[in-house]
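Q: Handing you a structure now.
The values are calculated or read from the model by the stated rules, or taken from the named source; none is laboratory data. This one's a predicted model, so the numbers in the text were calculated from it and none came from an experiment. Cβ coordinates were reconstructed from backbone atoms using ideal geometry, including for glycine residues, and neighbour counts include every protein chain displayed.
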Amino acid sequence: MTSSMRNSVALVATTLALAGSIAVAGPAHGDARGPQPVPTASSAPTHDSDASAAAVKKIRIKGTHVALRECPRKSCGVAIRVSNATLRAYCQTNRHTSKVAGNKWWTKVTLLSGSDPAWVSNHYVRGAAPKVPHLPDC
C-alpha cells in the first residue's frame, strides 16, 4: 500500500469516526484486512447472553418439593426446592448427569423472580420426554 493510499484510508476513517458511525483502532495503515471498526456508543455490543436470551423458555415443574440442584446430578447440593412452579429454562444436557426415573436429561433453570442458575431433572418437567422441546443443548 502506498503512502498516499494509506493517508487516504486514514482520512476517510478519521472522517467517519468524527461523524460517529465507526471508530478505527490501530495504526493508520491497518493490516492486510484494512482498518477494523470498533464498537462505539452508537453501536450495540454483542454479548453471549444476548444470543442465549433468544433460547430462554418457560417450563412448568410437576410435583412438590422438587430439588433444584447446583449441578446436573443427584449427588449435587440442593439450591432450593419448588412445588408446581414455572421456571426460566436456558438449556439442557445429558452429559455427566445421573438418571432420575430413567431420564438422564437435566435442564438449567432460574426462578422467574430471579436466582442463581440451578439444575432440574427433566423427569419433573411437564412435556419433557425425555427432552424439553425447542430448548437447545448446553
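For every residue, the table says whether it meets (1) in a loop (DSSP other than H, G, I, E, B); (2) within 17 Å of Leu135 (Cα to Cα).
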| site | (1), (2) |
| --- | --- |
| Cys76 | yes, no |
| Ile80 | no, no |
| Arg88 | no, yes |
| Cys91 | no, yes |
| Thr110 | no, yes |
| Ser113 | yes, no |
| Asp116 | yes, no |
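Q: Can you pull out the residues in segment 120-138 that are without any contact (Cβ under 8 Å) to a residue 40 or more places away in the chain and in contact with a helix residue (DSSP H, G or I) (Cβ under 9 Å, 6 or more places away or on another chain)?
A: Ala129, Pro130, Lys131, listed by residue number.
Q: Follow-up. Would a scan of segment 39-53 turn up a residue that is within 30 Å of Val125 (Cβ to Cβ), at pLDDT 50 or above, among the polar types (S, T, N, Q) and part of a loop (DSSP other than H, G, I, E, B)?
A: no
Q: Just the residues that are more than 19 Å from the chain's Cα centre (by Cα), surrounded by 15 or more Cβ atoms within 10 Å (Cβ to Cβ) and under 15 Å from Arg60 (Cβ atoms), please, taken from segment 83-130.
A: Ala85, Ser121, Asn122, His123, Tyr124, Val125, Ala128, listed by residue number.
Q: Could you list, ordered by first residue, the pairs with Cβ atoms under 6 Å in which the first is in segment 104-119 and not assigned by TED's automatic domain parsing to the domain that holds Cys71 and the second is acidic (Asp, Glu) and at pLDDT 95 or above, at least 6 apart or interchain?
A: From segment 104-119, no pairs qualify.
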